[in-house]
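Here the structure comes first, spelled out in C-alpha cells, and everything after it is commentary.
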C-alpha cells in the first residue's frame with residue numbers, strides 16, 4: 001500500500017505527544033514538518049491554509065471516530081464483527097468507555113495540532129504583509145471549528161497551548177490548564193467565527209473552500225449549542241466546574257435568538273449554495289461536491305497523492321475515508337445455486353466498488369427502531385430510499401463468472417442485475433418462511449410465495465444481516481466492466497456541513513423561544529426540508545426512474561406542533577449515518593430519553609427474533625474522557641491528572 005503523509009502540524013501543540021492531500025484543487029507540497037519560520041512567508045501561509053483542509057481527513061471518514069458519533073444512539077448499535085472500539089460505545093454491557101479506549105482521542109489530537117497551526121497563520125500573516133483578511137479568516141474559521149468540536153466532545157479545553165491564550169506555540173510543554181466552557185465559547189469560538197463571517201467571501205477561494213455561508217452555519221450552531229448549555233434543562237454536569245452564567249451577560253434566550261437570526265440570514269443570502277432538487281441528489285456519488293455541501297474532507301480517485309490513500313487497498317486508518325465500511329454487512333456471503341438441486345453454489349452478489357455495495361466490515365448496524373420508526377413513511381418520503389441499500393442485485397458476471405442465471409428463492413431463476421436479496425419496507429401480510437427448507441438462504445433470509453429473491457422484514461434485521469448505508473458507499477469511474485477496487489478506501493469526499501442544516505438550526509432555536517421571522521416559523525422551516533424529501537426522480541432500490549412529487553402529502557402530514565423531539569426525528573431522517581446524531585442528542589440533552597433502549601435481532605445468521613436492549617447512559621457520558629495519552633504526557637502529579645480528567649472517568 002502506498003501511504004502518503006502530506007504533512008504534520010507544528011510539533012507539540014499541547015504536549016510532546018502531539019506531532020506537530022486535501023483537494024486536488026489545492027496545491028499541496030509534501031513536508032515532514034512545518035518549521036515556525038515557514039509561516040513568516042507568503043508561501044508558508046498558503047501552505048498552512050492548505051493544511052487546514054487536509055486535517056479534516058484525519059477526523060472525518062476516520063471510522064473509529066465516526067463510530068463514537070453514532071454507536072450508542074437511537075440510530076446505531078454494534079454489529080456482529082464489532083471489536084472493543086465499537087462494543088464499548090454502545091453502553092449496553094459490552095465494556096465501559098474509558099480514557100484508554102474512547103476513540104474521541106482522534107478529535108483531541110487532530111484538533112489541537114490544527115489549532116496551533118491556525119494560530120501560527122493568524123499571528124504571522126500580518127507580518128508577511130501580502131495576506132488578505134479573507135485568507136486570515138480561513139484560519140480563524142478552522143480554529144473556531146476545532147474548538148467547537150472539542151468543547152462539545154470534552155467540555156472545557158485549554159486555550160493556552162504553552163505560549164499564551166490563543167497564541168502560536170513552538171516549544172513542547174508538559175503542563176496544561178483547561179478553560180471553562182463559557183471561556184472557550186466567548187474567548188475563542190465566537191470571536192473567530194464573527195470575524196470569519198465578516199471577512200470570508202461568498203464564493204470560496206478554492207473549490208470546497210471556507211465561505212461566509214459556512215461560517216454563518218457554524219456561528220449559528222455554536223450559539224444554539226451554547227444556549228442549550230446555559231439553559232441545562234436536565235442538569236447534565238459540566239467540566240471544569242463552572243456556573244451556567246455567560247461572562248458577557250447574555251442569557252440562553254439571547255443566544256437562541258442569535259442562532260435563529262444568523263441561520264435565517266444565511267438562508268436569505270445563500271451565495272452559491274442552496275438545496276438540491278431531490279434528496280437522492282444530495283448524496284449521489286456522481287453529484288459529489290454539489291452546492292448543498294458547505295464543507296467536506298476531500299478525496300479523489302485521480303491521484304493517490306491528492307487522495308491521501310492508496311487507490312487499490314486500504315488498511316483502515318487516517319487519512320483513509322473508510323467510515324462507509326462500518327455499516328456494510330458481509331453481503332458477499334450470499335450464495336445462489338447454478339443447478340436446481342443446489343449441488344453447486346456461487347457468490348451471486350460479489351464485492352464491488354459501487355455505491356450500493358462496497359467493502360463490508362459489519363462493525364455497526366442500524367437499530368430496528370431506525371428502520372421502523374424513524375423512516376416509517378417509505379412511500380412518500382424519499383429519504384429512506386436515499387439512505388439505505390435495501391436490494392442486493394446479482395453481479396456475478398463482473399467477477400468473471402459466466403453462468404447466465406442462478407437459482408434462488410423458491411428455486412426460481414434470477415438473472416444478472418435482478419434482486420437476490422431484498423430488505424422489505426414493511427412487515428408483509430404473508431408470513432415470511434425463515435425455516436430450514438431445501439432452498440434455504442445460507443445467510444438466514446426467508447422466502448415469500450412466488451418471489452425469486454430472498455427477503456428480510458424490518459423486524460428481522462440483526463447485527464449480522466441488515467440494510468447497508470448507501471449514502472456513504474464508494475463511487476468510482478474506473479471500474480470498467482468489472483468489480484473495480486472495492487478494497488480501497490472511498491475516494492469520495494466525506495461531507496461535513498450542509499446548507500440544509502440552516503433550516504434545522506433556525507427551527508430548533510425558534511422552538512426554544514427565538515422570535516421567528518415571517519415565513520420562517522419552525523413548521524415552515526421544517527416543511528421546506530420535508531417538501532424536498534417528497535420529490536423523487538429515481539427509485540434507488542428499485543433501480544428505476546421514479547418521477548413523482550409527494551411534497552404536498554409530506555407538508556400536510558407534518559405535525560401541527562413542532563417540538564424538539566420532532567426536530568430530532570427529522571434530523572435523523574435527513575442525516576442518518578452521517579455522524580451528527582451523538583452531538584444532536586447531547587446538545588439537546590435527550591440522549592437518555594431517546595436512546596436508553598433499542599431493538600435488534602442477534603448476531604447469528606437466521607436470528608429474526610428482536611430483543612430489547614437496555615443501555616446504561618449516565619450523566620457523565622455526555623462528555624467523552626480526556627485521552628490517556630494526554631494525561632500520560634503531562635509532568636504533573638497523579639492528583640492533578642485526576643482533576644484534569646472529566647468526572648466519571650478518573
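The values are calculated or read from the model by the stated rules, or taken from the named source; none is laboratory data. Since this is a predicted model, take the numbers as computed values, not measurements. Glycine gets a Cβ as well: all are built from the backbone with ideal geometry, and neighbour counts include every protein chain shown.
Return the pair list, or none, for Cβ contacts closer than 8 Å from residues in the stretch 143-161 that are on the phi > 0 side of the Ramachandran plot to residues that are modelled with pLDDT of 95 or more, at least 6 apart or on different chains.
Hits for this filter: 155/178; 155/181; 155/238; 155/239; 155/240; 155/623; 155/646.
Going by the conditions given, is residue 98 part of a loop (DSSP other than H, G, I, E, B), surrounded by fewer than 24 Cβ atoms within 10 Å (Cβ to Cβ) and either touching a helix residue (DSSP H, G or I) at 6+ places or on another chain (Cβ under 8 Å) or modelled with pLDDT of 95 or more (or both)?
yes
If you scan the stretch 435-450, which residues turn out to be in a loop (DSSP other than H, G, I, E, B) and out of contact with any helix residue (DSSP H, G or I) (no Cβ under 6 Å at 6 or more places or on another chain)?
Matches in the stretch 435-450: 435, 436, 437, 438, 440, 441, 442, 444, 445, 448, 449, 450.
Condition (residue is part of a loop (DSSP other than H, G, I, E, B), closer than 14 Å to residue 297 by Cβ and either in contact with a strand residue (DSSP E or B) (Cβ under 9 Å, 6 or more places away or on another chain) or modelled with pLDDT under 95 (or both)) applied to the stretch 45-59: is it met by at least one residue?
Yes: one or more hits.
Can you tell me which condition residue 122 does not meet? The list is (1) in a helix (DSSP H, G or I); (2) surrounded by fewer than 19 Cβ atoms within 10 Å (Cβ to Cβ), and all the others hold.
(2)
If we scan the stretch 258-279, do we find a residue that is surrounded by 19 or more Cβ atoms within 10 Å (Cβ to Cβ), in contact with a helix residue (DSSP H, G or I) (Cβ under 9 Å, 6 or more places away or on another chain) and more than 26 Å from residue 203 (Cβ to Cβ)?
No, the stretch 258-279 contains no residue that is surrounded by 19 or more Cβ atoms within 10 Å (Cβ to Cβ), in contact with a helix residue (DSSP H, G or I) (Cβ under 9 Å, 6 or more places away or on another chain) and more than 26 Å from residue 203 (Cβ to Cβ).
Of all residues in the stretch 280-294, which are crowded, with 19+ Cβ neighbours inside 10 Å and over 17 Å from the mean Cα position of the chain (by Cα)?
Passing the criteria: only 280.
Do we have any residue at all in the stretch 470-480 that's closer than 30 Å to residue 293 by Cα, in contact with a strand residue (DSSP E or B) (Cβ under 6 Å, 6 or more places away or on another chain) and part of a loop (DSSP other than H, G, I, E, B)?
No - not one qualifying residue is present in the stretch 470-480.
Name the residue that is surrounded by the fewest Cβ atoms within 10 Å (Cβ to Cβ), counting only residues in the stretch 434-448 that are over 25 Å from residue 359 (Cα atoms) and at pLDDT 95 or above.
Once the filter is applied, the top-ranked residue is 448.
For the stretch 346-366, check the following and say yes or no: at least one residue is surrounded by fewer than 21 Cβ atoms within 10 Å (Cβ to Cβ), farther than 30 Å from residue 536 by Cβ and over 19 Å from the mean Cα position of the chain (by Cα).
Taking every residue of the stretch 346-366 in turn, at least one turns out to be surrounded by fewer than 21 Cβ atoms within 10 Å (Cβ to Cβ), farther than 30 Å from residue 536 by Cβ and over 19 Å from the mean Cα position of the chain (by Cα).
For the list (1) modelled with pLDDT of 95 or more; (2) surrounded by fewer than 21 Cβ atoms within 10 Å (Cβ to Cβ); (3) out of contact with any strand residue (DSSP E or B) (no Cβ under 9 Å at 6 or more places or on another chain), I need the number of the one condition that residue 129 fails.
(1)
Of the residues in the stretch 415-434, how many are assigned to a strand (DSSP E or B) and farther than 16 Å from residue 542 by Cβ?
1
Could we say that residue 315 is on the phi < 0 side of the Ramachandran plot, surrounded by fewer than 18 Cβ atoms within 10 Å (Cβ to Cβ) and at pLDDT below 95 here?
Yes, satisfied.
Of the residues that make up the stretch 188-207, is at least one in contact with a strand residue (DSSP E or B) (Cβ under 9 Å, 6 or more places away or on another chain), within 22 Å of residue 506 (Cβ to Cβ) and crowded, with 24+ Cβ neighbours inside 10 Å?
no
Filter the stretch 166-187 down to the residues that are outside any loop (DSSP other than H, G, I, E, B) and in contact with a helix residue (DSSP H, G or I) (Cβ under 7 Å, 6 or more places away or on another chain), then identify the one that is surrounded by the most Cβ atoms within 10 Å (Cβ to Cβ).
Of everything passing the filter in the stretch 166-187, 185 is surrounded by the most Cβ atoms within 10 Å (Cβ to Cβ).
Filter the stretch 318-345 for residues that are crowded, with 23+ Cβ neighbours inside 10 Å and farther than 30 Å from residue 103 by Cα and give the result.
Those that are crowded, with 23+ Cβ neighbours inside 10 Å and farther than 30 Å from residue 103 by Cα: 334, 336.
When residues of the stretch 354-396 are filtered for being part of a loop (DSSP other than H, G, I, E, B) and more than 24 Å from residue 278 (Cα to Cα), how many remain?
Within the stretch 354-396, residues that are part of a loop (DSSP other than H, G, I, E, B) and more than 24 Å from residue 278 (Cα to Cα) number 8.
In the stretch 80-95, how many residues are farther than 17 Å from residue 612 by Cβ, in contact with a helix residue (DSSP H, G or I) (Cβ under 6 Å, 6 or more places away or on another chain) and assigned to a loop (DSSP other than H, G, I, E, B)?
Selection size over the stretch 80-95: 1.
Yes or no: residue 77 at pLDDT 95 or above and in a strand (DSSP E or B)?
The answer is yes for residue 77.
Looking at (1) surrounded by 24 or more Cβ atoms within 10 Å (Cβ to Cβ); (2) at pLDDT 90 or above, which is the one condition that is false for residue 21?
Just one mismatch for residue 21, condition (2).
Note down all Cβ pairs under 6 Å where the first residue falls in the stretch 196-223 and is within 27 Å of residue 584 (Cα to Cα), the second is in a loop (DSSP other than H, G, I, E, B) and at pLDDT below 95, and they're at least six residues apart or on different chains.
Filtered contacts from the stretch 196-223: 208/23.
Would you be able to say whether some residue in the stretch 482-489 is assigned to a loop (DSSP other than H, G, I, E, B), surrounded by 24 or more Cβ atoms within 10 Å (Cβ to Cβ) and at pLDDT 95 or above?
yes
Give me a count of the residues in the stretch 315-339 that are out of contact with any helix residue (DSSP H, G or I) (no Cβ under 6 Å at 6 or more places or on another chain) and part of a loop (DSSP other than H, G, I, E, B).
So the answer is 12.
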